[in-house]
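Peer 1: This is the structure I have questions about; it appears just below.
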Amino acid sequence: MELKNMVALVARNGRHLQRYNNKGRRQVVGCIPYRYKVTSQTSPKHEDRLEVLVITSQRKGKGMLFPKGGWEMDEKIEEAALRETVEEAGVMGTVEDMLGKWIFKSKGNDAYYEGYMFPLLVKEQLDLWPEKDIRQRLWMSVEEAREACHHGWMKDALNKLEWRFLSEQQQGEEKMDRAL
């Protein structure tokens, strides 16, 4: 077993290193893990090639969501986003430019949080990860994820990722058209 897999088996816990903004809101970070679906047929719609990874909530019946958790004082924001994704979803990859910042109310209590989301281009899916026994992970289309996720702020982040993906696809096609 490689060192990175052994390290990934230990999840951080506790809130003594958690970051809070100037209004006392806990700061959380997460990723939308994605990959490009490889198919033998070319899909007429580019968005059909994009798959995202969702995970089950720790609480039964609370739907699917994207991995996220506390941003701690000893981490850069991208490091925290990747750590949470490894702990909760068991995937590793490249953290890309931030999708945005959201203020949202917790579904479990009356607290407000400040959330930051990043796309994560998945390079490796681990067989063992810290929350393997308490979460399931599932690859699905953007549309399926939009329906499965019960968190409005996460759906908004997903919409931003899809828009970014479609914009990049369109720019690539325009470059190809000019080259012809």
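Peer 1: Please identify the GluC sites (Glu not before Pro) of the range 78-121 that satisfy two criteria: DSSP loop assignment and at most 15 other Cβ atoms within 10 Å. Which are they?
Peer 2: none
Peer 1: Accessible area of residue 49, 1.4 Å probe, to the nearest 10 Å²?
Peer 2: Taking all protein chains as shown, residue 49 has close to 80 Å².
Peer 1: Need one number: nm distance between label points at residue 112 and residue 167, each 7 Å from Cα along Cα→Cβ, rounded to one decimal.
Peer 2: It works out to 2.7 nm between the two label points.
Peer 1: With the crude spin-label approximation of a point 7 Å out along Cα→Cβ, what separation in nm comes out for residue 18 versus residue 49?
Peer 2: 4.1 nm
Peer 1: List, largest first, the extents of the alpha carbons of the range 69-128 along their principal axes, each in whole Å.
Peer 2: Projected onto the principal axes, the Cα atoms of the range 69-128 cover 36, 25, 21 Å.
Peer 1: By how many nm would the segment from residue 125 to residue 97 lengthen if fully extended, with 0.36 nm per residue of separation less the alpha-carbon distance?
Peer 2: 8.0 nm
Peer 1: Using the crude model of +1 on Lys and Arg Cβ and -1 on Asp and Glu Cβ, and no other charge, please compute the dipole size for the range 84-124 relative to its Cα centre, in debye to 20.
Peer 2: Working: 4 positive and 8 negative charges, 37 e Å.
So the dipole magnitude of the range 84-124 works out to roughly 180 debye.
Peer 1: Take the Cα pairs of the range 61-104, get the Kirkwood Rh, then feed it into Stokes-Einstein at 10 °C and 1.306 mPa s and tell me D in µm²/s. Could you put the intermediate results ahead of the total?
Peer 2: Values: Rh = 11.7 Å.
Translational diffusion coefficient: 136 µm²/s.
Peer 1: Another question about this same structure. If all Cα-Cα distances of the range 132-173 are sorted into 5 Å bins from 0 onward, what percent lands in each bin, rounded to whole numbers?
Peer 2: 5, 20, 21, 21, 16, 10, 5, 2, 1
Peer 1: Rank these by accessible area, largest first, 1.4 Å probe: 35, 83.
Peer 2: Most to least solvent-accessible, the answer reads 35, 83.
Peer 1: With 21 Å as the limit, write out which pairs from 23/62; 76/132; 37/123; 37/107; 37/76; 101/123 have Cα-Cα distances beyond it, or answer none. Kindly include the intermediate steps, with their values, before the conclusion.
Peer 2: Details: 23/62 27 Å; 76/132 25 Å; 37/123 13 Å; 37/107 32 Å; 37/76 30 Å; 101/123 25 Å.
Over 21 Å apart, Cα to Cα: 23/62; 76/132; 37/107; 37/76; 101/123.
The values are calculated or read from the model by the stated rules, or taken from the named source; none is laboratory data. Keep in mind it's a predicted model, so treat the numbers as computed, not measured. Cβ coordinates were reconstructed from backbone atoms using ideal geometry, including for glycine residues, and neighbour counts include every protein chain displayed. The area values use the complete protein model at the heavy-atom level, side chains included, leaving out ligands, DNA and RNA. Shrake-Rupley method; radii C 1.70, N 1.55, O 1.52, S 1.80 Å.
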